[in-house]
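A short write-up of the structure that comes next.
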Amino acid sequence: MLQALRHLTKVEKIVVSFLTVILFLSGYRVVQAFYTEHSELIPAEGGAYTEGVVGKMGPLNPLFVQRGSVTADFTQLIFSGLTRYDPKTKEIVPDLADYKLSSDSKEYTFVIKEGAQWHDGIPVTSNDVLFTYETVIKNSDFKGSILNTNDYSGIRLAKIDERTVKFFIEKPDSFFLVKTMTGLLPHHLLESVPVGLMAEMPFNFNPIGSGRYRFISLISLNNHQEVSLEVFEDFYGQSPSIENLLIKIFPDENELLNHLAE
């Protein structure tokens, strides 16, 4: 082989070298494609994740949170709704509850998943659903930001049993399930709070939810605030791989950059 190469012209040697590189790269891609197709990436369990963000800390309450804010990200982790948006399928799917739709598309029956509970260990029940929608959202004293994006005026609820609730709507609504993505509030902790005062209650900065992560602490430091979350071990669905989240909130980008430089 080496003897044959010695008799090649300079141009022929360049061509052979080029073809060899192409052959090597093609073989590498074939091996890589085979490995990817026959391998499954499994995230490691545990660990902690820390991130710095720019924004303003607001109420950790899904009914008062501003859409697109830093706080909105927290509430989606701490609280859970009857349904949720699945970014993979781009569809709204069951979360806290499974549901059935009537033949006339005007009745939705939700059955809360067995084992669903609040972060303080109390089971999630139909009372929490009725409390969130009927007692709070539809109350004339309620002024939460959730009303800026959803209209709940034509909805009526009925408790069937401890885990089953029916929603009745006046006419078929293809956007109805979007409204059921709203995070539920715990009836047993907030039933005595006047709806008109809910925006000011201590619960908003020390929340108890039913989501994948439970709230641990909110600490105010010299130039930023830190929110600590921990995976909820008794979560009714698949638990996330990362055990602890620490989010540092800075008032502006300069403060964040200065912190990173320290």
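The values are calculated or read from the model by the stated rules, or taken from the named source; none is laboratory data. Predicted model only: the values in this text are computed from it and were never measured. Glycine gets a Cβ as well: all are built from the backbone with ideal geometry, and neighbour counts include every protein chain shown. Keep in mind that these areas ignore ligands, DNA and RNA; they rest on the heavy atoms of the full protein, side chains included. Shrake-Rupley method; radii C 1.70, N 1.55, O 1.52, S 1.80 Å.
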For the range 52-116 and the range 184-255, distance of Cα centres in Å: 15 Å
query: By how many nm would the segment from THR164 to ASP86 grow when fully extended, if each residue of separation counts as 0.36 nm and the alpha-carbon distance is taken off?
result: 25.8 nm
- prompt: Under the definition of Cα pairs under 8 Å and six or more residues apart, what whole-number percent is the relative contact order of the range 125-172?
  reply: 40 percent
message: At 1.4 Å probe size, with the rest of the protein present, what percent of the exposed accessible area of the range 42-97 is carbon and sulfur atoms?
response: 53 percent
message: Cut-off under 17 Å on the C-alpha distance; same-chain residues fewer than 8 positions from LYS171 excluded. Which lysines are left, in chain and number order?
response: LYS100, LYS106, LYS179
- prompt: Given labels modelled 7 Å from the Cα in the Cβ direction, how far is it in nm from SER69 to ASN206?
  reply: 2.1 nm
